[in-house]
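Have a look at the structure below, then the notes.
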Amino acid sequence: MTHTLENRTEALRELLERQFQQHTDQLTELTVHTRQPDHGGHDPDTLRRLIEVAQQGVAATAQALRRMSEGTYGVCDRCGQDIPTARLEILPSARCCVPCQQRG
């Protein structure tokens, strides 16, 4: 059964909000590790990279939630076509459709 974006928006919003919280919690935890003598068991370079990934996750989910509130969620940033709902269910913060993403 195919779900339209209108039917799935609330579920996608809830998923994005959960992901935002998870990324925020992870960022908080990793930041605490930077202050520990043993860096929470991570080498400094790995810890720095994990923090970057968490920051990117916070930013991507925040941008997706902003697009949702502006009414532009689910529209490809590059071609302007609708991003298939199935893609958004897999990657709710997607900014591009698969063909545009593959073109880089």
Options Gln21, Gln56: the member that is farther than 27 Å from Gln102 by Cα, without any contact (Cβ under 8 Å) to a residue 40 or more places away in the chain and under 15 Å from the mean Cα position of the chain (by Cα): Gln21
Within the stretch 1-46, count every residue that is part of a loop (DSSP other than H, G, I, E, B) and either at pLDDT 95 or above or touching a helix residue (DSSP H, G or I) at 6+ places or on another chain (Cβ under 7 Å) (or both). 3
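If you go through the stretch 70-94, how many residues are part of a loop (DSSP other than H, G, I, E, B) and closer than 20 Å to Gln22 by Cα? Explain how you work it out, then say what you get.
To start, the set of residues in the stretch 70-94 that are part of a loop (DSSP other than H, G, I, E, B) comprises 71-74, 76-81, 83-84, 91-94.
If we keep only those that are closer than 20 Å to Gln22 by Cα too, we end up with 91-94.
Within the stretch 70-94, residues that are part of a loop (DSSP other than H, G, I, E, B) and closer than 20 Å to Gln22 by Cα number 4.
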Identify the single condition in (1) in a helix (DSSP H, G or I); (2) out of contact with any Ser or Thr (no Cβ under 7 Å at 6 or more places or on another chain); (3) among the hydroxyl-bearing types (Ser, Thr, Tyr) that Thr61 does not satisfy, given that it satisfies every other one. (2)
Of residues in the stretch 7-61 being among the small types (Gly, Ala, Ser) and buried (at least 16 other Cβ atoms within 10 Å of the Cβ), the one farthest from Leu91 (Cα to Cα): Ala54
Please verify whether Arg67 is part of a helix (DSSP H, G or I), at pLDDT 95 or above and within 17 Å of Arg8 (Cα to Cα), treating the condition exactly as stated. yes
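The values are calculated or read from the model by the stated rules, or taken from the named source; none is laboratory data. Computed from a predicted structure; not experimentally measured. When we count neighbours, we look across all protein chains shown, and the Cβ atoms used for this are built from the backbone with ideal geometry, even at glycine.
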